[in-house]
Amino acid sequence: MSRQVERIPLPAMSLGTGRELAVHRYGRAGARPKAYLQAALHADELPGGLVLHHLIRRLDEAAAAGSIRGEIVLVPVANPIGLGQVVGGRHAGRLELDGGENFNRYYPDLAAAILPAIESRLGADAAANVTAIRGAMLDALAARKPVGELAALRTLLLRLAVDADIALDLHCDLHALLHVYTGSHLWPQAADLVAQLGARACLLAAESGGEPFDEALSTPWWRLAERFGPAKPVPRDACLSATVELRGMADIDDATAAADASALFDFLVRRKLIAGVAAPLPATCCVATPLAGVDIVRASAPGIVAYAVALGATVKAGDLIAEIVDPAAADPARARTPLHTRADGIVFTRALEKLARPGHTVAKVAGGTPLPGRVGKLLDD
């Protein structure tokens, strides 16, 4: 079956305007397994869109050969709202300009939404429970009456993805190594994805505290599993969802995107969505570490960032990461404010903008041990 493209309109927020979401579908609706991939939910994070462009080419070939075995849904531009937010010649795609909300936060708790209706429908058959829960989540989303374009977009994206076996949300960081965020209950089930992509860090958390898109799809399963226990079994990994950070904002080129698309294609082959034999799984480039172990190194003074370590460097707690330089200081010997890390680990993210303000994120270090104070909201908004 060839690719089908559906264009779903979003509600207009002003007279004479309108936006739509383009959805690319492969395989038969309802076929298993189902994979959902989206890009550019943070609309200024563009590498994922180019990766899905290359993946569509590969999937078109597979569809023409009759090799699609499951259902595959792609949304290469998941945020047409943010895509149009250009102010003074600069693209501002992370936060909605109208209300200031992060496009990848505040997704609803679907476990809580379906709990009153689902308990009587579950039994001793785990597979039947999965089907019932997916149906209940789809019903709950269909019943929502979102007001406004952003609320409608969030509901629509969840409706497209909530019944998937695999859901990948493609992002990028500022200046970064490829890394992955996923649920601690999904490890080591997600290890092949991390190895296939060549990720240099994999950050695990039961809940990050920000209600991002990927957790809206995965956390209901472990919450319901804990709620009902072995008498009414619910698989914790019924949806393997992850946020994939495709390096940095400047890492956009055809060769890199095509290689990432090939890695995703092989992952889909390995997961039986596409017929064929996947290439041998590459060696893993990292160990999974807790998101609570990530040291977010922040500027403590305004100035220019001068890094002391390279991206990808392995550091120890107490090591100098960068200095904040005040070039207007009366005494050059007092012009530098040092920033040290609290973690042993790898420097996997650095700032793209080198003019720092107090509280500005300068670097992130993936450490193996949870850090004091790293509780609640673990993501860097």
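The values are calculated or read from the model by the stated rules, or taken from the named source; none is laboratory data. Small disclaimer: the values here were computed from a predicted structure and weren't measured. When we count neighbours, we look across all protein chains shown, and the Cβ atoms used for this are built from the backbone with ideal geometry, even at glycine.
Residues being on the phi > 0 side of the Ramachandran plot and either without any contact (Cβ under 8 Å) to a residue 24 or more places away in the chain or of a type in the set (Gly, Ala, Ser) (or both): count how many of those fall in region 101-154.
Let us first name the residues in region 101-154 that are on the phi > 0 side of the Ramachandran plot, namely 106, 148.
The next check asks that each one be either without any contact (Cβ under 8 Å) to a residue 24 or more places away in the chain or of a type in the set (Gly, Ala, Ser) (or both); those that pass are 148.
Selection size over region 101-154: 1.
Of all residues in region 275-296, those that are more than 20 Å from residue 173 (Cα to Cα) have Cβ atoms under 7 Å from Cβ atoms of residues that are assigned to a loop (DSSP other than H, G, I, E, B) and not aromatic (Phe, Trp, Tyr), 6 or more apart or on another chain, in 275/67; 275/69; 276/67; 282/198.
Kindly indicate which of 203, 197, 186 is in contact with a helix residue (DSSP H, G or I) (Cβ under 6 Å, 6 or more places away or on another chain), in the same structural domain as residue 38 (by TED's automatic domain parsing) and farther than 19 Å from residue 45 by Cα.
Working: 197 fails: farther than 19 Å from residue 45 by Cα; 186 fails: in contact with a helix residue (DSSP H, G or I) (Cβ under 6 Å, 6 or more places away or on another chain).
The match here is 203.
When region 257-306 is filtered for residues that are closer than 25 Å to residue 34 by Cβ and acidic (Asp, Glu), the ones remaining, listed by number, are 260, 266.
Yes/no per residue for (1) closer than 30 Å to residue 113 by Cβ; (2) not β-branched (Val, Ile, Thr):
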residue: 228; (1), (2): yes, yes
residue: 262; (1), (2): no, yes
residue: 280; (1), (2): no, yes
residue: 314; (1), (2): no, no
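For residue 88, are the conditions met, namely being more than 30 Å from residue 272 (Cβ to Cβ), over 17 Å from the mean Cα position of the chain (by Cα) and either assigned by TED's automatic domain parsing to the domain that holds residue 41 or of a type outside the set (D, E, K, R) (or both)?
Working: more than 30 Å from residue 272 (Cβ to Cβ): yes; over 17 Å from the mean Cα position of the chain (by Cα): yes; either assigned by TED's automatic domain parsing to the domain that holds residue 41 or of a type outside the set (D, E, K, R) (or both): yes.
Yes, satisfied.
Taken residue by residue, region 62-76 has no member that is within 17 Å of residue 252 (Cβ to Cβ), at pLDDT 95 or above and among the β-branched types (Val, Ile, Thr). Taking each residue of region 1-23 that is touching a residue at least 60 places away in the same chain (Cβ under 8 Å) and looking for partners that are among the basic types (Lys, Arg) and surrounded by 11 or more Cβ atoms within 10 Å (Cβ to Cβ) with beta-carbon atoms closer than 7 Å, six or more apart or interchain, yields 1/28; 3/25; 10/19.
Select from region 122-164 the residues that are outside any helix (DSSP H, G or I), among the β-branched types (Val, Ile, Thr) and within 15 Å of residue 81 (Cβ to Cβ) and list them in ascending order. It would help to see each step written out before you state the result.
The initial filter retains those residues of region 122-164 that are outside any helix (DSSP H, G or I), namely 122-125, 144-148, 162-164.
Applying the additional criterion that residues be among the β-branched types (Val, Ile, Thr) yields 147, 162.
Of everything in region 122-164, just one residue is outside any helix (DSSP H, G or I), among the β-branched types (Val, Ile, Thr) and within 15 Å of residue 81 (Cβ to Cβ), namely 147.
Put simply, of 301, 275, 363, 317 the only residue that is touching a Ser or Thr at 6+ places or on another chain (Cβ under 9 Å) and assigned by TED's automatic domain parsing to the domain that holds residue 55 is 275. Among all residue pairs at least 6 apart or on different chains, which show Cβ distances below 6 Å where the first residue, located in region 155-183, is within 14 Å of residue 137 (Cβ to Cβ) and the second is part of a loop (DSSP other than H, G, I, E, B) and small (Gly, Ala, Ser)? If the second residue must be part of a loop (DSSP other than H, G, I, E, B) and small (Gly, Ala, Ser), no pairs are left.
Kindly indicate which of 247, 223 is on the phi > 0 side of the Ramachandran plot and in contact (Cβ under 8 Å) with a residue 60 or more places away in the chain.
Values: 223 fails: on the phi > 0 side of the Ramachandran plot.
Exactly one of 247, 223 is on the phi > 0 side of the Ramachandran plot and in contact (Cβ under 8 Å) with a residue 60 or more places away in the chain, namely 247.
Filter region 81-93 down to residues that are surrounded by fewer than 18 Cβ atoms within 10 Å (Cβ to Cβ) and touching a residue at least 12 places away in the same chain (Cβ under 8 Å) and give me whichever is nearest to residue 378 (Cα to Cα). Step by step, filter region 81-93, then rank; the result is 92.
If only one of 311, 352 is touching a residue at least 60 places away in the same chain (Cβ under 8 Å), outside the structural domain of residue 105 (by TED's automatic domain parsing) and either in contact with a Ser or Thr (Cβ under 9 Å, 6 or more places away or on another chain) or loosely packed, with under 12 Cβ neighbours inside 10 Å (or both), which one is it?
On the way: 352 fails: either in contact with a Ser or Thr (Cβ under 9 Å, 6 or more places away or on another chain) or loosely packed, with under 12 Cβ neighbours inside 10 Å (or both).
None of the others qualify; the one that does is 311.
Scan region 29-46 and tell me whether some residue there is under 18 Å from residue 262 (Cα atoms), modelled with pLDDT of 95 or more and of a type in the set (Asp, Glu). The answer is no, given that none of the residues of region 29-46 is under 18 Å from residue 262 (Cα atoms), modelled with pLDDT of 95 or more and of a type in the set (Asp, Glu).
Working carefully through the options 105, 69, 19, find the one that is touching a Pro at 6+ places or on another chain (Cβ under 9 Å) and buried (at least 20 other Cβ atoms within 10 Å of the Cβ).
Details: 105 fails: buried (at least 20 other Cβ atoms within 10 Å of the Cβ); 19 fails: buried (at least 20 other Cβ atoms within 10 Å of the Cβ).
The conditions single out 69.
Give the residues of region 351-372 that are hydrophobic (A, V, I, L, M, F, W, C) and closer than 8 Å to residue 295 by Cβ, sorted by residue number.
Within region 351-372, the first condition is being hydrophobic (A, V, I, L, M, F, W, C), and the residues that meet it are 351-352, 355-356, 362-363, 365-366, 371.
Selection gives 365, 371.
The residues listed here are 369, 289; of these, the one that is closer than 25 Å to residue 246 by Cα, touching a helix residue (DSSP H, G or I) at 6+ places or on another chain (Cβ under 7 Å), polar (S, T, N, Q) and modelled with pLDDT of 95 or more is 369.
Which count do you get for residues in region 54-66 that are acidic (Asp, Glu) and surrounded by 14 or more Cβ atoms within 10 Å (Cβ to Cβ)? Steps first, answer last, please.
We begin by selecting, within region 54-66, every residue acidic (Asp, Glu); these are 60-61.
After this cut, where a residue has to be surrounded by 14 or more Cβ atoms within 10 Å (Cβ to Cβ) as well, the list is 60.
Qualifying residue count, region 54-66: 1.
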